[in-house]
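What follows draws every value from the coordinates through simple rules; no lab data is involved. In this text, all values refer to a predicted model and were calculated from it rather than measured experimentally. Don't worry about glycine lacking a Cβ; one is built from the backbone with ideal geometry, like all the others, and counts go over all protein chains shown.
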Amino acid sequence: MFAVYITHPQVLIDPEVPVPDWGLSATGAARAETAARLSWVQALSRIVSSDEVKAKKTAAFFGRATGIEPEILPDFHENDRSATGFLPPDVFEAAADAFFAEPEKSFRGWERAVDAQKRIVTAVNDVLARHDTRQPVAFVGHGVVGTLLKCHLKGVEISRAEDQGAGGGGNLFAFSLSERAVLCDWTPIETWQGWTGQ
């Protein structure tokens, strides 16, 4: 059976608001609503979300579609970049490049990539240790820690080459619950048609 890791779609960027408190833009909300209507969503038995607003709002669409109350767990948050606060998009992209390029170093006080990876992997493993692997589960979170999780599951070095790419988020990858093997690469949430394997 499968799990999906879903990244929140487009957000309302506000330099005056702490990044974890950003919500979804109209485009992001529309994409989440569209994705939540897909047939594979009805197979979900559990939804686990980061406690950041944009992730919780994304998870809420899937929760309403399934009747499942999302579980909000703090260790699923994005990499901690509070040391710098908001960075303009071009500056942020350069910072993200540095973050992935030197995973054992902190970029200007950011949580290190190796530490963020250990946190998200542990958080996912803790959930799955108490989960029936015959039942699909969705994790709703963020692009950076999602990429770090994907690197771990693939058994590859931390690299931005595994990132979801430009576009503002709203992608998913799937992995098997039995073997923890990646089943599909990042795919827009509103286009994935589900996993037909076992």
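Structural remarks
- Interchain or long-range residues, amide H under 5 Å from Val11's placed H: Ser25
- Note, ³J(HN,Hα) from phi for region 123-129, Karplus 6.51, -1.76, 1.60, rounded to Hz, x at Gly and Pro: 4, 5, 4, 4, 5, 5, 5
- Counting Cα-Cα pairs of the chain in 10 Å increments starting at 0 gives whole-percent bin shares of 9, 39, 38, 13, 1.
- When the helices of the chain are scored as -39500 (n - 2.57) per DSSP H run of n ≥ 4 and the total is divided over every residue, the value at 222 nm lands at -11000 deg cm²/dmol.
- Sparse-neighbour loop sites [trypsin sites (Lys or Arg not before Pro); region 64-138; at most 16 other C-beta within 10 Å; DSSP]: Lys105, Arg108, Arg130, Arg134
- Fraction of beta bridges assigned by DSSP in the chain that are antiparallel (%, nearest 5): 50 percent
- Given charges at beta-carbon only (K, R positive; D, E negative), |dipole| of the chain in Debye: 540 debye
- Sequence-distant residues sharing a close amide H with Val140 (under 5 Å, placed H): Ile6, Val48, Ser49, Ser50
- Centroid-to-centroid separation of region 151-198 and region 116-149 [C-alpha atoms, Å]: 12 Å
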